[in-house]
Amino acid sequence: MKIVDIESYVLVAPDLRQDATSSSQDNLVVIVRTDEGIYGVGETDTGPYIAKSCIDSPGSHTMAKGMKELLIGMDPMDTSAIWEKLYVYTAMSGRRGAVICAMGAIDMALWDIKGKALNLPVYKLLGGAQKEYIIPYASLQPNGNTVKEYKESLVAWAKKAKEYGYKAAKMECTLDGPYNHSGLKGTDEEMTDIIRACREAVGNDFEMMVDVQYLWYDAHSCLRTIRKWEDLNLFFLETPLRADNLEGYAILAREAPMRIAAGEWLNTRFEFIELMDRGLVHVAQPDVGRVGGLTEAMRVCHLAQDRGRLIVPHCWKTGIGIAATAHMAAAIPHCPFIEYQPAELCESILRKELTPDPLVMKNGKLLLPDKPGLGIELNWDAMKKFTVKT
Ligand SMILES: [Mg+2]
């Protein structure tokens, strides 16, 4: 089998709000086509226009090749060999950033082809299931024009998630910092009050995480607040510091009263090695598309396993990435949760329309996806509707 074409589509939600911090409003969907008629689908979470040009642009010399021209004619079953070729021969424009994100979408599509060609679900190709089901957690984003409204919104979401059947949820409580969705500002004391109210609302027989989205600049400001959260029994605290403050992460990992989680923005295993060995985080959070695809995400999983760390992947796009994440989670023993909401609980129109939900949630559990490849069906009408001219 040979790769004959790579199509990449920039999708944008018609109601895109440029002032919103939400990457579920756009997408780069990649279709890899073969001479046998089998095609694979992948996606990635980055600036889609930039990632598209990483794939489509022609190269200029041997160490700055175009990805499309490197791929044509290769056997799509050769996922590791293709990864290495793309990584090496795009090195002067790549190694990290948008090139790796674009590689991630291509790699996801290759695993889809591989599974379809062999008539096996992808988790079988990753070494087989190590569990019977996957536990999802809900990411809850509050709204509100005042801190009081914000608190009421998050508490209401927490109750709704529990009623829906979730066993775990992550409170996105971000009253300052670069990722502050609404521009609403609040103090650390107000945040403590909100998180305490959420715990009281869901009770103790429910796993609760908190994401503060890069809120603090230094570890000691963070510690002053999160030491007050010890009795709240949090499963982890996500991205308390800026992504590159690895010395700060190491201080938190040693001193915080809960696990520290990070890694949603990182590209390649090399950045995760730094995050785990210098930053000492307890929970690594690769995003399958962004880290470089399933090939690279599985390497990160193995590196985490060797170090006794957990994997709780980031996933905030559509059913394509959700399926890839679920196959990975099934194939490793140290992934207690995946980030997952059924389409009906999501605001993103792309998430709702691009693919029918690849997974079914029952009693707070997701059954393993068992169709060949990633097991998704792309809605081509939605692809047409949301694709923009580039
Ligand atoms: Mg996050």
Original post:
Of the numbered conditions (1) surrounded by fewer than 22 Cβ atoms within 10 Å (Cβ to Cβ); (2) within 16 Å of the ligand (Cβ to nearest atom), residue 313 satisfies every one except a single condition; which is it?
Top reply: (1)
Original post:
Going through the stretch 106-148 one residue at a time, which ones are assigned to a helix (DSSP H, G or I) and farther than 30 Å from residue 374 by Cα?
Top reply: 147, 148
Original post:
If only one of 63, 103, 77, 92 is part of a helix (DSSP H, G or I), of a type outside the set (D, E, K, R) and in the same structural domain as residue 44 (by TED's automatic domain parsing), which one is it?
Top reply: 103
**OP:** Name, by its number, the condition in (1) at pLDDT below 95; (2) farther than 25 Å from residue 380 by Cα; (3) touching an Asp or Glu at 6+ places or on another chain (Cβ under 9 Å) that does not hold for residue 82.
**Re:** (1)
Original post:
Of these, 184, 154, 126, which one is touching a helix residue (DSSP H, G or I) at 6+ places or on another chain (Cβ under 7 Å) and either without any contact (Cβ under 8 Å) to a residue 12 or more places away in the chain or within 16 Å of the ligand (Cβ to nearest atom) (or both)?
Top reply: 154
Original post:
How many residues, within the stretch 253-266, are touching a Gly at 6+ places or on another chain (Cβ under 9 Å) and either away from the ligand (no atom under 16 Å from the Cβ) or part of a helix (DSSP H, G or I) (or both)?
Top reply: 1
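The rows are residues; the columns are (1) within 16 Å of the ligand (Cβ to nearest atom); (2) crowded, with 18+ Cβ neighbours inside 10 Å; (3) within 30 Å of residue 365 (Cβ to Cβ).
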residue: 62; (1), (2), (3): no, no, no
residue: 65; (1), (2), (3): no, yes, no
residue: 78; (1), (2), (3): no, no, no
residue: 122; (1), (2), (3): no, yes, yes
residue: 138; (1), (2), (3): yes, yes, yes
residue: 143; (1), (2), (3): no, no, yes
Original post:
Out of (1) modelled with pLDDT of 95 or more; (2) more than 16 Å from the ligand (Cβ to nearest atom), the odd one out for residue 169 is which?
Top reply: (2)
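Assess whether residue 202 counts as being touching a residue at least 40 places away in the same chain (Cβ under 8 Å) and either in contact with a Cys (Cβ under 9 Å, 6 or more places away or on another chain) or not hydrophobic (A, V, I, L, M, F, W, C) (or both).
Values: touching a residue at least 40 places away in the same chain (Cβ under 8 Å): yes; either in contact with a Cys (Cβ under 9 Å, 6 or more places away or on another chain) or not hydrophobic (A, V, I, L, M, F, W, C) (or both): no.
Answer is no for this residue.
Give 162, 151, 170, 185 a once-over and let me know the one that is within 21 Å of residue 21 (Cα to Cα), in a helix (DSSP H, G or I) and basic (Lys, Arg).
151
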Original post:
Within the stretch 238-251, which residues are outside any loop (DSSP other than H, G, I, E, B) and either within 16 Å of the ligand (Cβ to nearest atom) or modelled with pLDDT under 95 (or both)?
Top reply: 238, 241, 249
Subject >> Test: residue 178 is within 16 Å of the ligand (Cβ to nearest atom) and exposed (fewer than 15 other Cβ atoms within 10 Å of the Cβ) >> reply: yes
Original post:
Filtering the stretch 194-237 down to residues that are acidic (Asp, Glu) and in contact with a Lys or Arg (Cβ under 7 Å, 6 or more places away or on another chain), which residue is nearest to the ligand (Cβ to nearest atom)?
Top reply: 211
Original post:
Name the pairs: first residue in the stretch 235-253 and under 13 Å from residue 278 (Cβ atoms), second residue within 15 Å of the ligand (Cβ to nearest atom) and in a loop (DSSP other than H, G, I, E, B), Cβ to Cβ under 6 Å, at least 6 apart or on different chains?
Top reply: 243/265; 249/281; 253/281
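The values are calculated or read from the model by the stated rules, or taken from the named source; none is laboratory data. Here the structure is a predicted model, which is why all the values come from computation and not from measurement. All Cβ positions, glycine included, derive from the backbone under ideal geometry; neighbour counts span all protein chains shown.
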